[in-house]
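Reading through the structure tokens given below for one structure.
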Amino acid sequence: MITFQSRQKNIRYADIITRKAHSEYPHISTSKISSMIGKDKVKDMFFGYMSLGYNLKLAGERTKIDIDEKNTYEYVVESLKKGLGNCYEEAKLAELIAKINGQKNIYSAKLYAGKGLPKHELAFITDEKVCADKFYKFKNKEAVIIDPWLGITDFAGNYFKKVRTDFAKLLGIHPNAKPYLKPDFSCKLSPKKISVYKNKYPELIIEKFKKVKI
């Protein structure tokens, strides 16, 4: 029987970040609800007939925060605290949690598969040099994927296989498509900012945190 303790140790360490990013602040994902009951019903439940694209923006406005690159992570935390968040917010929170706890080589990223817009957002840890404008098709153990929204923590190759088979319909991915990642460097976390967020959100500190090594 496969248990949490029997999993590869770095996957176990990374999974702590995944779980914390998903469950630290109980929230609703409009994307997941949309896949179950339809977008129109979700619009009725939240903001009348407004576009779903404005949902999280409105959540941010309720926190009285200007949404820009300088305070993206603060917006993410406060939006999730208000009870609303999707894959983007969870991926950014995973990155923030990891960096607050000393993990430096973690990046949030957009998942692409085939042509068109990105399908999803997640975080990954790798020892490779990562560039903002480059696409990455990691081989299996070149990166650990942290995906709080789907609840997956695994090596890249295993993860890409899962999204093609188990989550293709949910993410709008063709089963034969080859997923790849583009790191999201739209906002930065300086050491000073990390220190500020560490003091402001002590609940994100993981006691006896062990860094993930690739």
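The values are calculated or read from the model by the stated rules, or taken from the named source; none is laboratory data. Just so it is clear, the model here is predicted, and its values are computed rather than measured. Quick reminder, even Gly has a Cβ in these numbers, built from the backbone with ideal geometry, and neighbours come from all protein chains shown.
Things to note:
- Just so you know, in segment 178-196 the residues that are part of a helix (DSSP H, G or I) and under 23 Å from residue 126 (Cβ atoms) include one that is nearest to the chain's Cα centre (by Cα), and it is 194.
- Filtered residue count, segment 93-117, keeping only those that are out of contact with any Lys or Arg (no Cβ under 7 Å at 6 or more places or on another chain), farther than 28 Å from residue 207 by Cβ and hydrophobic (A, V, I, L, M, F, W, C): 1
- Residue within segment 147-168 that is outside any loop (DSSP other than H, G, I, E, B), touching a helix residue (DSSP H, G or I) at 6+ places or on another chain (Cβ under 7 Å) and hydroxyl-bearing (Ser, Thr, Tyr) present: yes
- Residue pairs whose Cβ atoms lie under 6 Å apart, separated by 6 or more positions or on different chains, with the first residue in segment 15-42 and under 20 Å from residue 107 (Cβ atoms) and at pLDDT 60 or above and the second part of a helix (DSSP H, G or I) and hydrophobic (A, V, I, L, M, F, W, C), are 17/94; 17/97; 17/98; 20/97; 21/93; 21/94; 21/97.
- Hey, residue 90 out of contact with any Lys or Arg (no Cβ under 9 Å at 6 or more places or on another chain) and farther than 21 Å from residue 24 by Cβ or not: no
- Residue check, residue 128 of a type in the set (D, E, K, R), modelled with pLDDT of 95 or more and either part of a helix (DSSP H, G or I) or touching an Asp or Glu at 6+ places or on another chain (Cβ under 7 Å) (or both): no
- Any chance residue 211 is under 16 Å from residue 18 (Cβ atoms), surrounded by fewer than 17 Cβ atoms within 10 Å (Cβ to Cβ) and of a type outside the set (Asp, Glu): yes
- Residue that is surrounded by the fewest Cβ atoms within 10 Å (Cβ to Cβ) [pool: residues in segment 138-194 that are of a type in the set (Gly, Ala, Ser) and within 19 Å of residue 105 (Cβ to Cβ)]: 190
- A single entry from 183, 148 fulfils the requirement of being over 15 Å from residue 11 (Cα atoms), in contact (Cβ under 8 Å) with a residue 60 or more places away in the chain and in contact with a Cys (Cβ under 9 Å, 6 or more places away or on another chain): 183.
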